[in-house]
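Quick notes on the structure that follows.
A short reminder: the numbers here are calculations on the coordinates, not readings from a lab. Worth saying up front: this structure is predicted, and the values here are computed from it rather than measured. Every residue, glycine as well, gets a Cβ built from its backbone with ideal geometry; the counts of neighbours run over all protein chains shown.
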Amino acid sequence: MDIQKTVNDETNQNTEFQTNRNSNLPVVIPVITGVKSDATETEVCHEYEDVLDIIGFGKTQWIVLFTSGLLLMMVINETMGMSIITIASQCDFSTTSQEKGLLGAAAFIGILCTSYFAAYLCDTIGRRPLLIYTTLCGNICSFASIFVPFYSLFVFLRFLVGACIAGASFITYAYLGEFYVTRHRPVVINYACLFVGLSVAYVPAVAWLVLSMDWSFAITETFQFRPWRLLILFNALPGFIAVLVMFALPESPKILMSMGKQKEAFEAVNKIAKMNTGQTLEDFKVYRLCQETLSDNDKILLTSKSANSGMGLWYPEIQNRLGMKATTPMTICQVIDSFIDQQNSTEISQICDDTITTKSYIDSLTFGLSFTAGYFVLGFILKPFGRKLTMVMAFGIAAFCGFLLHWLHNPIAIVVCFILFLILPGVCISVLSGAVVDLVPTHLRGKAVCVCLMLGRLGSIIGSNMVGAFLESYCNATFSLFYVLVLACAGLAMLLPIGRKS
């Protein structure tokens, strides 16, 4: 009995217990030696999210949110911003509808080609360095495209821009989410996506200002520098600002821990503490972080195909044509058919007209502001309705609006339905991205978000070129295909394992 009592006492003295992960109590490192030792403060490790709770929501989180928003804004500017560039440059490049479609899709093709490679790098070398250097390369390629006089070379440079900003298009979600505790993450990612809506409003607002100028500089006999080239510079500006801010931000501590870099992770969290409170982790009695546990349990990766970008790239072009026929009430397809009849009825060579109507600018601004409002509304309804129901409702309403576009003649009703048809699937992208960040382990998160958004980019490429190829010949069938795809997304959303409790 005495021997048994001694063994029990020895076991009790050398065994430490780990608290529940959701508790705010510190987690004690297991002592695996056979020597008696008392746990000291420096032997106690804290869960990363518990430390974030101790530090509190502060300056770092706001700066990361702002910077992530600028990166997302840059991605939208460089991709969807081409919807206006294709119209303004059509006389310089003498482009057809099919060539406009290719030009609009070039950046998406670049993103698709390099996305998975960028995802691999972001999960192996980290989020922050990849975001900085790829965004810088994208800015350089975008700046170089300003001075290109040939269509083919211009398309190639836009492809390179997409290849470079591929990282920013999805790594931003992972980098942003890892600076927040789980309960704040869905709403924060949604509000970062407000910058997507701001971007959709920023592009036509700046274009209206820049393209209203009537000037040109003759660089050579065949090359003139016109205002639309300056617009490319303004589209790249948010990315340049984001890179400058990111030099002052730390790497994601979560990815550092998943890479086994405990010392660097502790220094990153210590930097967050200093920026938020002016105190170090030692002042909060935090001396060590618990090792990130890598889960081998496969999680369901959520994928989404969106008609938003494919048709959205043609929104300014379609609204520009509607603006030229504003005096006669017509459906969208009747307006497009009338342009074809007008072109076929004359054999006289006409002067190229790359004018963008005031109505097109106003409708594009309305589209962008509606996008921003959509994210605001989404932030309020996510909690009471949950992700799944929110997406099903959004896709269902969008499909119904797409169906109505076949029959509407009133210009205001057309704009309202067209905007809802485009923005409702668009805002669901942030919901899916947030779900992926929540459901997938840290060491797989970059790849998971990448795979999801790659399908979206593929949809943008296919959608943009399909509209360019078939809109003028099969207008009604083209719109029908897109709203059927959106309706299919509503059905798929019902199968996703992301209900209210998640």
Next item on the list: Quickly work out the I140-to-L369 label distance, labels modelled 7 Å from Cα along the C-beta direction, and quote it in nm with one decimal.
Entry: 4.0 nm
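So how strong a dipole does the stretch 71-191 carry about its Cα centre when Lys and Arg Cβ are +1 and Asp and Glu Cβ are -1, to the nearest 20 debye?
300 debye
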Check: Taking the radius of gyration and the Kirkwood hydrodynamic radius from Cα positions alone, what is the Rg/Rh ratio for the stretch 135-250, to two decimal places?
Finding: 1.06
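Provide the packing ranking of 418-430, 374-386, i.e. peptides ordered by the mean count of other C-beta atoms within 10 Å per residue, highest first.
418-430, 374-386
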